[in-house]
Amino acid sequence: MQITSPNNKPAIRWPVDIRHENFDNQEIILFTCPLGLTEKPLGLLSMVAPILAKFDGTNSVQDIANQFATHGATLELVLELVKLLDDHLFLDSPRFRSVFGQDKSDFAQRDSRPASHAGSGYSSNPAQLKTQLEQYFAKITSPLVKESGQLLTLVAPHIDYHRGSQTYAHGYRYLEGESPDIVILKGTSHQYSEDLFHLTLKDFETPFGLLKNARDFTAKLATLYGTERSYRDEYLHKREHSLELQAPFLKYFLPDVRIVPVLVGGFHTYLHNERLPEQHEEYHSFAEALAQVVLEYRTAGSRVMFLAGVDMAHVGRHFGDSFDLTPERMQNIRAKDLEYISCIEQADTSMLWQHVAADMDARRICGFSTLYLMLDVVKRLGISPRSKLWEYRQAVDSKGECGVTFASLGQYEPIN
């Protein structure tokens, strides 16, 4: 059936990001593609929102036109909307499924993951990127005071460099002088999947060169956890920024380090059914497998470090809240965030769980599951680390009613 047929039942595809924006004093509906299949966003006047709401796969084009005829809608208008959305790959159509399938196939055959955000999120030119990072570090006025012991874990943001550069720099400068052989690079998986953990054997491209995958380690981990579910949604790695935004810093400080990239989904189902992660097979099996392989490599003399690319609170009307982001409100958010950070500093997964479960993650903490996993694996290894908070920061756009918080901190393993 032709996508522009009056009998066709159009459906907006998934995943897609849809939000309301103001442009030239006019409210628009902005479509963007988290898969990167269409790079340019599509803006539509907000007056067509009721029509778009009917694009759910149950209404024919003719039915939609009939429903809105009294409001001036015509069959031609609805068909034009259908064609516009399909041309931009925002409909669940044969055209979209073909492009999506080919993109997944192309990514699966690659040995390396492209630097998807180079040229937009940060410079794709090595010399310019080096200058960019060094400018971030140059703005720090506080002295670098290293703790005793070896850096075991590093927690850094995954917010864009524009808003988070200083917090990235406050954390990553502590990699200077460190020499891990392998970094377990963990971060939030922002796209939905039925699976909780996602591995890849691909190297990570950066403007500074390849970050090599510790494929022997990754393969062992996948075998213990289950190869099929480890790689079933490997495609989610393609454009995920939570790991990619760590890659330039890692390659800058540790050019020869090997990585084990791990994307971690959310704990929302666990929270709602009030069962701890350890009570779920998918979580317990992965945490146990990761601890087992880390222990094996540490016993053989390899130094393994953990790195988590996470943000914290996401608040404001932009995220669905009904309150204004007043200074008082953000002070309250700060107090709650510091309680959350205290749980991490104490390396206490029980406290961390209770803190988030108390209000059912009302602050939409992006990275809770990633940090829980990190603390749990460290505990399973029998390590009692010392923690240090380096910086906490809030990025607040009062006009856009969007507030995001993030921090950088580290954990040190005592040297016996």
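Scanning the range 293-317 for residues that are part of a loop (DSSP other than H, G, I, E, B) and touching a residue at least 12 places away in the same chain (Cβ under 8 Å), we see that the one that is surrounded by the fewest Cβ atoms within 10 Å (Cβ to Cβ) is Ser302.
Hey, could you check the range 218-237 for residues that are free of Cβ contacts under 8 Å to residues at least 40 places away in the same chain and small (Gly, Ala, Ser) and say which is surrounded by the most Cβ atoms within 10 Å (Cβ to Cβ)? Looking at the filtered set, the residue picked out is Ser230.
Of the listed requirements (1) assigned to a loop (DSSP other than H, G, I, E, B); (2) among the charged types (D, E, K, R); (3) over 23 Å from Pro157 (Cβ atoms); (4) at pLDDT 95 or above, Arg239 misses just one: (3).
Hey, any hits in the range 57-72 for a residue that's out of contact with any Lys or Arg (no Cβ under 9 Å at 6 or more places or on another chain) and acidic (Asp, Glu)? Reasoning before the result, please.
Applying the first criterion (out of contact with any Lys or Arg (no Cβ under 9 Å at 6 or more places or on another chain)) to the range 57-72 yields 62, 65-66, 69-72.
Narrowing further to those that are acidic (Asp, Glu): none.
Checking the range 57-72: not a single residue is out of contact with any Lys or Arg (no Cβ under 9 Å at 6 or more places or on another chain) and acidic (Asp, Glu).
Return the only residue of Val155, Val183 being surrounded by 15 or more Cβ atoms within 10 Å (Cβ to Cβ), in a strand (DSSP E or B) and touching a Ser or Thr at 6+ places or on another chain (Cβ under 7 Å).
Selected residue: Val155, the only one of Val155, Val183 that is surrounded by 15 or more Cβ atoms within 10 Å (Cβ to Cβ), in a strand (DSSP E or B) and touching a Ser or Thr at 6+ places or on another chain (Cβ under 7 Å).
Total residues in the range 266-290 satisfying the condition of being touching a residue at least 40 places away in the same chain (Cβ under 8 Å) and in contact with a His (Cβ under 8 Å, 6 or more places away or on another chain): the figure is 2. Take the conditions (1) surrounded by fewer than 16 Cβ atoms within 10 Å (Cβ to Cβ); (2) not in a helix (DSSP H, G or I); Gly403 misses just one of them, which is (1).
Anything in the range 160-179 that is charged (D, E, K, R) and assigned to a loop (DSSP other than H, G, I, E, B)? List them, or say none. Lay out the reasoning, then the answer.
Our first condition is that a residue be charged (D, E, K, R); within the range 160-179, this holds for 160, 163, 173, 176, 178.
Within the range 160-179, Asp160, Glu176, Glu178 meet the criteria.
Among the listed residues Glu240, Glu278, which satisfies the condition of being under 27 Å from Ile344 (Cα atoms), assigned by TED's automatic domain parsing to the domain that holds Glu176 and over 22 Å from the mean Cα position of the chain (by Cα)? Going through Glu240, Glu278 in turn, just one is under 27 Å from Ile344 (Cα atoms), assigned by TED's automatic domain parsing to the domain that holds Glu176 and over 22 Å from the mean Cα position of the chain (by Cα): Glu278.
Could you list all residues from the range 111-136 that are free of Cβ contacts under 8 Å to residues at least 60 places away in the same chain and either in a helix (DSSP H, G or I) or surrounded by 16 or more Cβ atoms within 10 Å (Cβ to Cβ) (or both)? Listed by number, the residues that qualify are Ala127, Gln128, Thr131, Gln132, Glu134, Gln135, Tyr136.
The values are calculated or read from the model by the stated rules, or taken from the named source; none is laboratory data. Computed from a prediction, not measured in an experiment: that's the story for all the values here. With ideal geometry, Cβ positions are generated from the backbone for all residues, glycine too; neighbour counts draw on all protein chains shown.
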